[in-house]
Structures are given as C-alpha cells and as structure tokens.
2 protein chains.
Amino acid sequence: MPPEKIVTACLLIIGNEILSGRTQDANLAFIAKGLNEVGVRLREVRVIPDIAETIVATVNEMRAKFDYVFTTGGIGPTHDDITSECIARAFGVPWALNEEARRRLAAGYANPADLNEARLRMAHIPAGAVLIDNPVSRAPGFQIGNVFVMAGVPRIMQAMFDGIKHRLSGGAPVLSRTVTSGLPEGVLAEGLGRLQARYPDFDIGSYPYYRRGGFGTSLVVRGTDASRLATAVEELFALVTGLGGEPYEGDPPA
Amino acid sequence: MPPEKIVTACLLIIGNEILSGRTQDANLAFIAKGLNEVGVRLREVRVIPDIAETIVATVNEMRAKFDYVFTTGGIGPTHDDITSECIARAFGVPWALNEEARRRLAAGYANPADLNEARLRMAHIPAGAVLIDNPVSRAPGFQIGNVFVMAGVPRIMQAMFDGIKHRLSGGAPVLSRTVTSGLPEGVLAEGLGRLQARYPDFDIGSYPYYRRGGFGTSLVVRGTDASRLATAVEELFALVTGLGGEPYEGDPPA
C-alpha cells in the first residue's frame with residue numbers, strides 16, 4: 001500500500017482586532033478540530049492586519065503552499081472589510097456584484113432601501129467563486145480555487161465551516177488520546193523520547209500544567225491508526241506507572 | 001517634527017498542540033496588550049509546528065522583517081521541545097550549556113541527580129544569548145539579537161514577558177477607546193468610512209456582536225494622540241446618535 005497523501009491546510013486570521021489584543025481569537029481551535037475529523041492537517045496559522053498588500057501576498061503564498069486555505073474575518077460592510085476584494089486581486093479576477101448573493105441579502109430587509117451601498121459590498125464576490133451559506137446573517141462567504149473565505153464572528157464562521165466541511169477531501173481522520181500524569185516533564189522526558197522514536201508516524205506531545213502548587217504533564221498521542229494508538233496509550237500508562245505516577249486517560253481537572 | 005518611527009513586532013507561536021486544536025492559545029492577546037503599552041505594533045502572528053526546518057526558516061524570515069520577534073513554546077525538556085536549538089541554528093551559533101542557566105536549574109533540586117539529562121537540555125542556550133528570568137519554574141528563556149524566546153505555559157510566559165518589557169524601545173503607547181452602539185454595521189458603515197478618512201493616522205475598527213436576537217457594533221479607535229482620540233470619540237457618539245442609536249463607551253455586556 002503506498003503511503004497515504006497527507007492533505008494540508010493553513011488558516012489566515014485577518015483583522016487588526018486580533019493583533020491589537022482587543023479580541024481573543026475563537027476560530028482557530030474550532031477549525032483545527034473540524035479538520036482533524038476530515039483528515040486534513042492544519043500546518044500553519046497566520047494572523048495578519050487589514051492591509052490590502054499583505055492580504056493579497058499572503059493568500060497567494062499560502063494557496064500555492066497548502067492544499068486548502070481558510071480565511072476568517074473582513075467580509076462585512078465597513079471600510080476595514082477588504083478581504084473579499086483582496087482575494088479577487090490575489091486570483092486576478094473581477095470583484096463584481098453576485099446576483100445570488102444580492103438576492104440572499106435582499107431577502108432579509110423588509111424595506112428595500114435598507115440594502116444600502118455599504119451592505120451591497122457584501123454581495124460583491126470574486127468572479128467564479130462558489131458561495132458559502134450563511135444561515136445566521138445571510139451575507140455569504142465563498143470558495144475560489146482552494147481558498148475558503150469565511151466570516152470572523154464565531155457564530156457565523158462555525159455555521160459556514162459546518163456547511164463546507166463535506167467539500168474537503170482529506171485522509172483518514174486524525175485521532176487523539178490524552179494520558180495525564182502527575183509527574184513533571186523532566187521525569188518523563190527520557191522514556192517519552194524513546195517511545196516517540198518507536199512510533200514515528202504518531203505525534204506525541206507533552207504539555208505541562210500547573211495545579212495546586214506543582215507541575216504535572218499531559219501526554220497526547222495523535223495518529224490515524226486506532227489500534228496502534230491503543231497500544232501506544234498502554235505503553236504510556238506503563239511508562240508513567242513505572243516512574244511512580246498514577247496515570248489516567250483525559251485532561252487534568254480544570 | 002519628523003514622523004515617529006513605527007516599531008514593529010511579530011509573534012511566533014510554536015507548537016503542534018495549538019495547530020491540533022488541543023490547546024487554546026492564551027498568549028497572543030497578553031503580548032499584544034503589553035506591546036501596546038510600550039508603543040510596539042504587533043504586525044503578524046504565525047503559529048507553526050514543532051518541525052526544525054520550519055522554525056529555523058520562519059525565525060530567519062521574521063527577524064529580518066520586524067524590529068522584534070517573540071516566540072512562545074518549545075523550550076521544555078521533552079523530545080518535542082526543539083525551539084532553543086533551532087534558534088541557535090537560525091543564528092548560526094553553537095547551542096551550548098550555559099553555566100548560569102545550569103546553576104539556576106540546579107538550585108531547584110534538593111537531590112543533584114534530579115537534574116537529569118533531559119532537564120539539562122533546558123540549560124543549553126544559543127551562544128551569546130542573554131537569559132530571560134523565569135520566576136515560576138526557573139528554566140530561563142533568552143534573548144538573542146532581536147529575538148525573545150519564551151515559554152508556552154501562560155503563567156511562565158507572562159512572568160518572562162513582564163521581565164523583558166522594559167528592554168524594548170517602542171514609540172508612544174498605543175491608546176484605544178471603544179464606543180458601543182446597538183446599531184448594525186450596515187447602518188454605520190458609510191459614516192464610519194468618512195470618519196476614518198478624516199483620521200488617517202488612527203485605526204478605526206468596527207466589530208459586530210450578537211446579543212438578544214440582534215446585531216450591534218462596537219467601534220474601536222486606536223492611536224497615540226489622546227486629545228485627538230477624545231475628539232474622534234465625540235464624533236463617533238454624534239454619528240451613532242444621528243443614526244438613531246444610543247452610544248456608550250466600553251464593550252457590550254457579555
């Protein structure tokens with residue numbers, strides 16, 4: 001059996017509000033977990049400002065480098081919402097009124113005058129793009145090439161992402177199991193390194209936590225083969241027990 | 001008066017646990033706010049995996065592009081903690097035992113044998129680097145050139161960052177004021193765009209929120225001139241009031 005192709009993705013978080021610390025991003029972890037389910041590996045995330053040249057250059061760099069690119073933020077009606085027109089520039093296509101997008105927006109206003117010029121910008125879409133449904137507030141996202149453009153508001157982004165997940169062709173789902181030990185990393189490190197060496201296709205991570213005045217460690221094994229994963233977890237239990245710890249599956253108490 | 005030089009920074013978040021969605025990053029917003037205080041602009045954030053070639057290449061790209069680079073994650077004792085040796089490679093200097101770092105680590109162990117080989121890796125530092133204090137768990141971070149290497153555990157990272165903030169030379173602190181209106185973005189957009197055009201040195205952001213079945217908008221003005229900022233906020237109040245809204249300063253209720 002030839003080795004399975006690894007399908008990769010990156011996420012571009014577009015918005016000054018994340019870089020200023022005003023807004024805590026809540027989209028990265030949601031998208032990462034959704035990609036695990038469909039067997040796509042999130043390999044990079046960039047947070048960039050609302051600057052046209054930066055958006056255009058970054059989208060073009062990323063869409064050549066990864067199988068999928070997801071963007072969040074910057075598709076609303078205000079002056080700082082420039083993602084959509086930047087994507088058109090990146091692809092070298094016109095940014096034009098999309099009749100279907102206009103119809104969807106118009107359906108939300110009892111008074112046609114409420115679909116003003118600013119709101120009509122949200123119906124402008126790069127030519128050739130496929131709309132992404134927005135069941136929350138109607139203004140659609142879109143897909144063009146391997147780039148999926150979504151809203152930044154978590155409620156809306158989540159609805160959009162759930163709508164497009166089935167369009168992605170990934171590999172086997174990435175499974176993950178966590179073993180928590182009350183032992184510090186420095187005690188576990190040597191045995192853990194040896195275990196990682198014997199499971200080169202797994203990603204074994206070690207994450208210290210601090211509770212009640214001391215450090216403990218959570219060990220996370222990720223991979224696609226459920227049965228070998230179970231064996232690795234058994235070995236982790238044995239490692240922790242052998243070092244005098246009391247391992248259990250799952251995260252440490254909050 | 002010549003225009004003040006804008007001092008820029010980027011943050012590299014190093015770790016598979018962020019990209020897998022297992023861990024929600026808590027460091028970006030903390031560092032962003034701290035940089036605002038000392039007048040340094042955070043211009044980009046990248047989240048990258050624990051892959052040596054990626055870390056080395058990204059550090060070298062970023063340290064040439066920004067005045068300051070901050071990294072979080074990957075300086076512990078386990079096999080996936082490779083940030084420190086990658087920084088040495090990026091700078092082309094040896095990665096060697098640092099006597100002061102070893103002394104600090106050793107002071108924490110009653111039994112000298114507890115300072116095992118894995119833990120001693122945390123006392124290996126790129127040659128020529130200056131240590132960053134870790135008052136929480138002793139293993140230091142370090143600064144080399146314009147790159148500041150810190151732990152990923154938020155408690156430790158925050159203590160490290162607070163210790164180095166005074167070393168940074170920024171410009172005037174970046175001030176921020178928020179005006180919240182119950183109006184949707186589409187109603188505010190036109191007037192807001194005109195206001196932004198009259199304050200080109202300010203960054204005026206518009207952030208929709210969803211509460212009790214409807215959308216409202218928070219408007220955030222950022223800049224360094226407190227008195228012009230006050231004038232801009234007055235204009236924002238007038239804009240919202242003129243459109244039938246009831247503005248107030250601060251964020252919307254949670």
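The values are calculated or read from the model by the stated rules, or taken from the named source; none is laboratory data. Note that the structure is predicted; figures quoted are calculated from it, not measured. In this analysis, Cβ positions are derived from the backbone assuming ideal geometry, glycine residues included, and neighbour counts consider all displayed protein chains. Side chains included, ligands, DNA and RNA excluded: accessible areas come from the protein's heavy atoms. Shrake-Rupley method; radii C 1.70, N 1.55, O 1.52, S 1.80 Å.
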Next item on the list: Among the residues of region A:120-129, write down those that are open to solvent by less than 10 Å² (accessible area, probe 1.4 Å) and farther than 22 Å from A:His166 by Cβ.
Entry: A:Ala123, A:Pro126
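Can you pull out every residue in region A:187-214 that is among the hydroxyl-bearing types (Ser, Thr, Tyr) and either open to solvent by 20 Å² or more (accessible area, probe 1.4 Å) or more than 9 Å from every other protein chain (Cβ to nearest Cβ) (or both)?
Going residue by residue through region A:187-214, those that are among the hydroxyl-bearing types (Ser, Thr, Tyr) are A:199, A:206-207, A:209-210.
A:Tyr199, A:Tyr207, A:Tyr209, A:Tyr210 - these are the residues of region A:187-214 that are among the hydroxyl-bearing types (Ser, Thr, Tyr) and either open to solvent by 20 Å² or more (accessible area, probe 1.4 Å) or more than 9 Å from every other protein chain (Cβ to nearest Cβ) (or both).
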Notebook entry, point to check: Does region B:66-88 hold any residues that are free of Cβ contacts under 8 Å to residues at least 60 places away in the same chain and touching a strand residue (DSSP E or B) at 6+ places or on another chain (Cβ under 7 Å), and which are they?
Noted result: B:Thr78, B:Glu85, B:Ala88
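Okay, residues lined up against (1) within 14 Å of chain B (Cβ to nearest Cβ); (2) under 27 Å from B:Val187 (Cα atoms); (3) modelled with pLDDT of 95 or more; (4) surrounded by fewer than 23 Cβ atoms within 10 Å (Cβ to Cβ):
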| position | (1), (2), (3), (4) |
| --- | --- |
| A:Phe70 | yes, no, yes, no |
| A:Asn111 | yes, yes, no, yes |
| A:Asp114 | yes, yes, no, yes |
| A:Leu131 | no, yes, yes, yes |
| A:Pro140 | no, yes, yes, no |
Margin query: Go through region A:72-103 and report how many residues are among the aliphatic types (A, V, I, L, M), within 14 Å of chain B (Cβ to nearest Cβ) and open to solvent by 40 Å² or more (accessible area, probe 1.4 Å).
Written below: 0
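Confirm whether B:Ala26 is open to solvent by 40 Å² or more (accessible area, probe 1.4 Å), among the small types (Gly, Ala, Ser) and facing chain A (nearest Cβ under 10 Å).
Yes: the conditions hold for B:Ala26.
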Next item on the list: Could you tell me whether B:Leu12 is assigned to a strand (DSSP E or B), buried (at least 20 other Cβ atoms within 10 Å of the Cβ) and in contact (Cβ under 8 Å) with a residue 24 or more places away in the chain?
Entry: yes
Check: Only one of (1) part of a loop (DSSP other than H, G, I, E, B); (2) open to solvent by 60 Å² or more (accessible area, probe 1.4 Å); (3) within 24 Å of A:Arg194 (Cα to Cα) is not met by B:Glu4, so which one is it?
Finding: (3)
Next item on the list: Could you run through region A:34-56 and say how many residues are within 12 Å of chain B (Cβ to nearest Cβ), open to solvent by 30 Å² or more (accessible area, probe 1.4 Å) and out of contact with any helix residue (DSSP H, G or I) (no Cβ under 8 Å at 6 or more places or on another chain)?
Entry: 2
